[in-house]
Amino acid sequence: MSIFPILLTIGVLMISSAQAVTYLTSEPYNGKKYLLSNGLEVFDLAKMNARCKGSGGYLVDIDNSSEQNWLEYFVSYEAGGHVVYTGITDEGSEGHYYHYNTKKPAKYLGWKWRQPDNWKGKEHCVNIAYNGLNDIDCGRKAKYICEVPA
Ligand SMILES: *[C@@H]1O[C@H](CO)[C@@H](O)[C@H](O)[C@H]1NC(C)=O
Ligand SMILES: [Ca+2]
Ligand SMILES: [Ca+2]
């Protein structure tokens, strides 16, 4: 067997990993599913939200403390400690957090201790971890969560 088929396979894998995002789907919670992106890539909010729309949802919004607790549980078990973006941002309106998909003010913000701090004036995305929300810069290699109504 020549080496050529092996090289071809690697090439195809590289192309598909650059283009397709795959997701880990949560169990339903309050009639919704949450999709956690696999892999780590730099996406802007528009691109992440567009990808979520392609999956029938939108970049995750947080309505109340029970939804946030559920999401904290999901990322703490499944995100491997990586940064996970939500759909909440203060881009263009420092300190006024809104949901990227609807542009409406954030409904619930369960911040980590001493957050948000808008570190170096550059933190306008909001990530979620096991212990709450943090503002973080938007250009990180990260995962994100889509929320998909049933
Ligand atoms: C919290 O928000 C979820 C998702 O929108 C909703 O289904 C649920 O009823 C709310 N829970 C409480 C306690 O308000
Ligand atoms: Ca900010
Ligand atoms: Ca911060």
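The values are calculated or read from the model by the stated rules, or taken from the named source; none is laboratory data. The structure presented is a predicted model; accordingly, all values stated were derived computationally and were not measured. Cβ placement follows ideal geometry from the backbone for every residue including glycine, while neighbour counts extend to all protein chains displayed.
Key figures
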read-out: Given (1) in contact (Cβ under 8 Å) with a residue 60 or more places away in the chain; (2) under 15 Å from the mean Cα position of the chain (by Cα), index of the condition Ile88 fails; value: (1)
read-out: Filter pass, Val126 being closer than 18 Å to Ser26 by Cβ, touching a residue at least 24 places away in the same chain (Cβ under 8 Å) and in contact with a strand residue (DSSP E or B) (Cβ under 7 Å, 6 or more places away or on another chain); value: no
read-out: Pairs, first at positive phi in segment 56-70, second more than 9 Å from ligand 1 (Cβ to nearest atom), C-beta under 8 Å, six or more apart; value: Gly56/Val148; Gly56/Pro149
read-out: Residues (hydrophobic (A, V, I, L, M, F, W, C), surrounded by 13 or more Cβ atoms within 10 Å (Cβ to Cβ) and within 16 Å of Tyr100 (Cβ to Cβ)) located in segment 36-57; value: Phe43, Leu45, Met48, Ala50, Cys52
read-out: Unique residue being within 16 Å of ligand 2 (Cβ to nearest atom) and among the basic types (Lys, Arg) when the list is Lys47, Lys122, Lys107, Lys53; value: Lys122
read-out: Any hit, segment 116-134, residues being within 25 Å of Lys53 (Cβ to Cβ), in contact with a helix residue (DSSP H, G or I) (Cβ under 6 Å, 6 or more places away or on another chain) and within 16 Å of ligand 1 (Cβ to nearest atom); value: yes
read-out: Counted residues, segment 120-132 - those being under 16 Å from Gly95 (Cβ atoms), of a type outside the set (Lys, Arg) and more than 12 Å from the chain's Cα centre (by Cα); value: 3
read-out: Single match in Val60, Val75 (criterion: more than 16 Å from ligand 2 (Cβ to nearest atom) and in contact with a helix residue (DSSP H, G or I) (Cβ under 9 Å, 6 or more places away or on another chain)); value: Val60
read-out: Options Lys120, Lys104, Lys53; residue that is closer than 17 Å to Thr25 by Cβ and either at pLDDT 95 or above or within 16 Å of ligand 3 (Cβ to nearest atom) (or both); value: Lys53
read-out: Selected residue (only one of Gly92, Gly87 is at pLDDT 95 or above, within 23 Å of Arg51 (Cβ to Cβ) and assigned to a loop (DSSP other than H, G, I, E, B)); value: Gly92
read-out: Segment 79-100 - residue that is crowded, with 20+ Cβ neighbours inside 10 Å and of a type in the set (S, T, N, Q) and, of those, nearest to Phe43 (Cα to Cα); value: Thr86
